[in-house]
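First comes the structure, then the notes that go with it.
Bear in mind these aren't lab numbers, they're just calculated from the coordinates by the rules spelled out. All values reported here derive from a predicted model rather than from experimental measurement. For neighbour counting, all protein chains shown are included, and Cβ atoms are generated from backbone atoms with ideal geometry for every residue, glycine included.
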Amino acid sequence: MTIASDLASAARRRFLNGLGLSITCTGAIAGAGALGFVGAASAKTDAPAPGGKLDAAAQGGSFPTKDYDWTKHQWAFGVDVNKCIGCLRCVEACKAENDVPRNAHQFRTWVERYVHIEGEASMRIDSQQDPVNIEASGSQKEYRFADRYKDAKVDKAFFVPKLCNQCSHPACVQVCPVGATYKTEDGVVLVDDKRCIGCRYCIQACPYGARTFDERRRVPDKCTWCYHRITKGLQPACVDSCPTGARVFGDMRDRESTISLFVRNNRVQVLRPESGNSPNVFYVGLDKEVS
C-alpha cells in the first residue's frame, strides 16, 4: 500500500459511495463518446465532513494529520527559473520520498535543459531521460546532464523544473471514468489506487506530460506536492532539497506565505495557459520557447 493510495482511499470513500459506483469498468472503456458524461460526474470535488474536517471513521487511520482541515488551505507552487542550476537533487529527493522507481523513465518531477546555439533558429531541449544524458551518467539510476555543449557556441542556456501543475480545472479529473483521479478541497489532485482501472486516459489528457504509468502498481503515478508532508506542515521534498531556492511552496490563503509573496512580488507565468486547465505552478523567468 502506498502513501498516495492511503490518502486517496479515505477522501474518496464518501464521494464514491454517494455516486453508487454506477460507472462501471464497462463504461470506462466504452469510448470517448461516453467520457463527456462520465467525466462530468468524476470531476466533482469531495465534500468534507461537517465542520470541514474528515472524521475518524472517514480517515480510516490513513489521513496524515487527524486535525488537518483542507478547507482552510489553498496550496500553490512557485519556480524561479533564474535560480535553477540543473543539479537534479529535486528529482532524486522526490524519488526517495515517494518510492518512485529509480530509472530515467518514471518520475514525479523532472528538469528540462533549454540551450540556444548561436546561429540556430530554435532552442534545443533535453532532460535527464534523454538517451545522451543516460549514456553519459553511466546508469539509469543517475540523474545528470551530459556536457554535450562544451564545444558549442552557446548563446543562452537555462533549466526549467517541471511537475504536476495541480490545475484548478484539471483535464485528468474530467476524463477519469471511475473517479479515481480527483481534486481535493485544498487544491491538490490525487489518485485513488484502489479505484483506478489503469485505462491511462489521465496520462493522455494531461497537457503537461506530468504522469507516468507505474508497472508495479498498474496505475498512473503523478506528483502530489508530497501531500503526506504538506498536510503536516512540512515542505515538499523537492523544495526542501533545492540548494538555490528555485522552488517555493505555500498556502495562498496566507498573504504572507512564501508563495503569496512570490506571486505578488514577481511577474509570474504559467505553462500552457491556453489549455484552460488553470495551473497552480507559477514561474518566474520563463522564456517564450518553454511550453
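Tabulated values for the structure
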| quantity | calculated |
| --- | --- |
| 16 Å reach of a label modelled at Ser275, 7 Å along Cα-to-Cβ, counting backbone N of the range 161-197 | 161-176, 182-183, 188-190 |
| 12 Å cut-off, amide nitrogen to a point 7 angstrom out along Asn82 Cα→Cβ, residues in the range 269-284 | 284 |
| Residues of type aspartates and glutamates that Lys222 reaches as a straight line, Cα spacing below 14 Å, ignoring anything fewer than 8 places off in the same chain | Glu97, Asp99, Asp192, Asp193, Asp214 |
| Calculated P(r) tail over 21 Å for the range 178-291, as whole % of Cα pairs | 47 percent |
| Cα-Cα P(r), the range 108-209, percent of pairs per 10 Å interval | 13, 32, 25, 22, 8, 0 |
| Total charge dipole magnitude, the range 142-291, about the Cα centre, Cβ charges on Lys, Arg, Asp, Glu only, Debye to nearest 20 | 140 debye |
| FRET efficiency, 1/(1 + (r/R0)^6) with R0 45 Å, evaluated for Ser168 and Gln140 via beta carbons | 0.80 |
| At 1.306 mPa s and 10 °C, Stokes D of the range 73-152 from Kirkwood alpha-carbon radius, µm² per second | 112 µm²/s |
